[in-house]
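Down below is the structure, laid out as structure tokens.
Readers should treat all values here as calculations from the given coordinates under stated rules, not as data from a laboratory. Computed from a predicted structure; not experimentally measured. With ideal geometry, Cβ positions are generated from the backbone for all residues, glycine too; neighbour counts draw on all protein chains shown.
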Amino acid sequence: MKILVVTQYFWPENFRINDLVVSLKNEGHDVTVLTGKPNYPDGDVFQEYIDEPNNYSNLSGVDVFRVPMRPRKKGSVNLFLNYVSFAFSATFNGSRLLKNKSYDVIFACQLSPITSVLPAIFIKKQKKIPLVMWSLDLWPESLQAVGIVKSQRVIHWVRKLVRYIYAQCDLILAQSEEYIDAIRKTDLSNTPTMIFPNFAEDIFGEIQVKENDSSKIKVLFAGNIGDAQDFDAVVECSKLIKKNKLNVQIQVVGDGRKRHELEQNIVKYELQDYLVYHGKFPLEDMPRFYSQADAALVSLKTNDIFSRTIPGKVQSYMMASLPIIGMIDGSTAALIAKANCGYCCKSGDFHSLYENLEKFSLLNEKERINLGCNGYQYASEYFNKDSLVSKLSDALEEISKKGL
């Protein structure tokens with residue numbers, strides 16, 4: 001089967017779509033990717049891409065077509081222009097690049113912005129083939145949740161756009177039933193849906209031996225440092241760790257809009273021994289940090305949409321056999337409880353987060369290992385990448401046979 005993947009973000013940027021594309025290729029499919037020039041998260045096109053663009057035209061046998069686009073740079077205006085430029089460039093330049101190529105199905109990876117799916121819709125109509133969308137960010141709800149858009153008039157028009165996009169899809173993939181419920185509230189066309197949970201990249205399942213050579217208990221936060229992750233509450237918890245001299249150190253690896261503020265707060269409140277920012281690292285370097293951690297932290301602000309979301313890092317934590325300390329509501333809290341792989345408190349409740357860190361610090365080594373093993377066993381059964389890719393492959397085959 002010939003699959004065209006349309007995604008604004010792709011290798012060498014760090015996203016799960018990279019792993020999924022290679023996995024579909026390994027399933028025997030002929031996969032092509034239409035994407036932009038790598039510039040996430042720093043906002044500038046990667047220097048290594050500028051130096052050797054031909055090195056990034058093929059990933060493990062998958063042809064990659066890149067269209068020109070405006071880099072994210074800094075600020076909301078530049079971000080808006082980045083979103084718009086990909087939508088237009090991938091629609092017109094992309095369709096030109098792929099003019100003489102045929103495909104059986106289009107697979108659109110929908111992160112922010114949802115406008116990144118518009119080129120896939122254009123190509124769908126042009127080539128008269130079905131479109132499957134993998135929804136990883138709910139719009140317009142996520143815009144409201146982090147305060148990016150406050151105008152109800154703007155939200156109204158964004159919702160109309162989202163309804164149009166949903167209506168053009170032949171199948172929408174989402175990570176949970178709660179997430180699908182949110183889609184159905186907006187989608188008036190009753191587009192078919194399928195649960196497709198996040199999976200952990202293979203390298204996290206290979207981590208076996210913990211290498212923490214410190215007397216402190218290390219709790220790792222890996223991933224996006226943004227508005228949604230509520231680092232204000234994490235900083236407040238770190239103040240309590242310092243005040244009470246708890247033998248715990250929160251370690252942060254990643255990048256995002258709130259990184260500079262986090263670094264400033266660490267210095268401002270003299271939290272260097274309790275809240276450590278290591279920087280951002282490529283995916284292949286992450287096992288080093290996982291292997292040195294005793295537990296992992298996941299947090300999201302209080303919001304109905306966030307409560308329906310399970311951050312992708314959770315599956316990685318579980319596959320790495322890391323107990324999870326959560327400051328999060330809804331689906332993720334329920335997952336941690338069901339898998340019995342850690343402790344969780346309400347979003348924003350940094351006092352309870354501190355208490356859970358204290359409780360975890362009092363566990364003996366065997367008890368900590370048991371929590372991590374519980375998570376690994378659950379993830380191996382329900383978030384197994386091979387099984388999920390096979391399920392996706394079958395769904396794409398079925399959709400392609402139906403046609404439009």
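Its residue count N sets the reference 2.2 N^0.38 Å, and the alpha-carbon radius of gyration of the chain equals 0.98 times that reference.
For region 202-382, the C-alpha radius of gyration divided by 2.2 N^0.38 Å, with N the number of residues, is 0.93. For Lys150, the aspartates and glutamates whose Cα falls under 13 Å of its own Cα, not counting residues fewer than eight places away in the same chain, are Glu141. Of the beta bridges in the chain, as assigned by DSSP with both residues counted there, near 5 percent are antiparallel. Rounded to the nearest 0.05, what FRET efficiency is calculated for Glu365 and Asn340 with R0 set to 22 Å and r the Cβ-Cβ distance? For Glu365 and Asn340, the calculated efficiency is 0.80.
Extension gain, Lys25 to Asp63: 0.36 nm times the residue separation minus the Cα-Cα distance gives 12.6 nm.
From most to least packed by mean Cβ count within 10 Å, the peptides 392-403, 120-131 give 120-131, 392-403. Between Met1 and Leu161, the distance separating the two model label sites (each 7 Å from Cα on the Cα→Cβ line) works out to 3.0 nm.
Note on Lys125/Asp394: beta-carbon distance plugged into 1/(1 + (r/R0)^6) with R0 of 25 Å gives a FRET efficiency of 0.50. Compared with the alpha-carbon gap, the fully stretched path from Val77 to Gln272 is longer by 66.8 nm at 0.36 nm per residue.
The distance separating the Cα centre of region 75-100 from that of region 260-328 comes to 32 Å.
Listing Arg72, Arg308 from fewest to most neighbouring C-beta atoms within 10 Å gives Arg72, Arg308. Identify which of Trp134, Trp157, Trp11 has the largest mean-square fluctuation in a Gaussian network model of the chain, with springs joining Cα atoms closer than 10 Å. Residue with maximal mean-square fluctuation among Trp134, Trp157, Trp11: Trp157. Seen from Ile129, the other residues with C-beta closer than 15 Å to its C-beta sum to a net charge of +4, counting Lys and Arg as +1 and Asp and Glu as -1. Ellipticity at 222 nm from helices only: DSSP H runs of n ≥ 4 in the chain, each -39500 (n - 2.57), divided by the residue count, give -13500 deg cm²/dmol. Placing R0 at 41 angstrom, the Cβ-Cβ distance between Ser102 and Val154 gives a FRET efficiency of 0.60 after rounding to 0.05.
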